[in-house]
Amino acid sequence: MHLDLHSLRRRDGGSPRGPIARGGFRRVAGALGATAGRAAARHRLIEHCPHRRRPPRASQQLITVKHSLHWSTTFKETYQDDHHRHDHCRAERRDAQRRGHRHPLRHPRRGEAGPEAAKFQFRARNAWISGTHNRTTIADYFGAGEERSHEHTFVFDADHPAVLVGRDHGPTPVEFVLHALAACLTAGLANIAASRRVRLTEVRSTVTGDIDLNGILGLNPDVRNGYERLGVRFTIKGDAPAEKLREIVAQSQARSAVYDIIANRVPITIEVETA
């Protein structure tokens, strides 16, 4: 569209009280240029940012944070604030360009699109050392349609303390369960707080597990082998009312994968190879 400002000025009579004269030619021209610029910028943003195009489908609820894929703990919350979510998209693109990685949902490969992109398989490989001492290595996993690797290989030693006929080379396996629960809840509430624009200043937790060894030792068939009860106590501080901070913790509990694993039965298959 072409707009002849001079003809408008002539029709307006050049009066300082006219609409064009009051705003000035520079203001009108600047406004038109800014409008065109915003339209072009919006077009570019739509091309690169799925949040502008439409709310993502269930299969697109993965978000990328520094090359780690996490479930959006609260799908609606992640898209509440327009400014926040577009800052997030720009950060994703910069991080992906710097690392040379593609975003798995904006640029899907064949077979990645759809619900299958949300299917992940995590792996831990364990080897016996001696006695009750063993070592687990975590390096690779499957997710978003392809095999992936962590940026570092993680190694964890597990053992029993001397009172339980071990050498104490590492925490007991049941203590790793406590760590997993605390870590999952903390990571979740950090994501939720960010999506709700709450700045956290301190998050600490203590997880306890009560166990009766009469069960694992086979001394009492009425006692279960594992924990009888678990307890989690959080200390959380931030720039939000106490009730809102409690809501964040509750939402993290509702979306915690480890909490779900512990609270609900998971089918387990054990296969044995012998030499």
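Structure notes:
- Between the beta carbons of residue 168 and residue 227, assuming R0 = 25 Å, the FRET efficiency works out to 0.75 to the nearest 0.05.
- If you sort the three axes of the alpha carbon gyration tensor as a ≥ b ≥ c, you get a/c of 1.5 or more for region 118-263 and a/b no higher than b/c, which makes it oblate.
- Taking 0.36 nm per residue of sequence separation and removing the Cα-Cα distance, the residue 266/residue 246 pair yields an extension gain of 4.4 nm.
- At an R0 of 35 angstrom, the distance between the Cβ atoms of residue 130 and residue 150 translates into a FRET efficiency of 0.80.
- Residue-wise HN-Hα coupling along region 153-170, computed from phi with Karplus coefficients 6.51, -1.76, 1.60 (Hz; x: Gly, Pro): 8, 9, 10, 10, 9, 10, 7, 10, x, 4, 5, 10, 6, x, 10, 6, 7, x
- In nm, spacing of pseudo-spin labels at residue 141 and residue 157 (7 Å Cα→C-beta vector): 2.5
- The string of couplings for region 261-271 from the Karplus curve (6.51, -1.76, 1.60, θ = phi - 60°) is 4, 6, 6, 10, 5, 10, x, 10, 10, 10, 10 Hz, one whole number per residue in order, with x for Gly and Pro.
- Karplus-derived HN-Hα couplings along region 220-237 (A = 6.51, B = -1.76, C = 1.60, θ = phi - 60°), whole Hz, x at Gly and Pro: 9, x, 8, 9, 6, 6, x, 4, 8, 7, 10, x, 10, 10, 9, 10, 9, 10
- Extending 7 Å from Cα along the Cβ direction at residue 237 and again at residue 121 yields two label points whose distance is 4.6 nm.
Every read-out reported here was derived from the displayed coordinates using simple, explicitly stated rules and does not represent laboratory data. In this text, all values refer to a predicted model and were calculated from it rather than measured experimentally. As a convention, Cβ positions derive from the backbone with ideal geometry for all residues, glycine included, and neighbour counts pool all protein chains shown.
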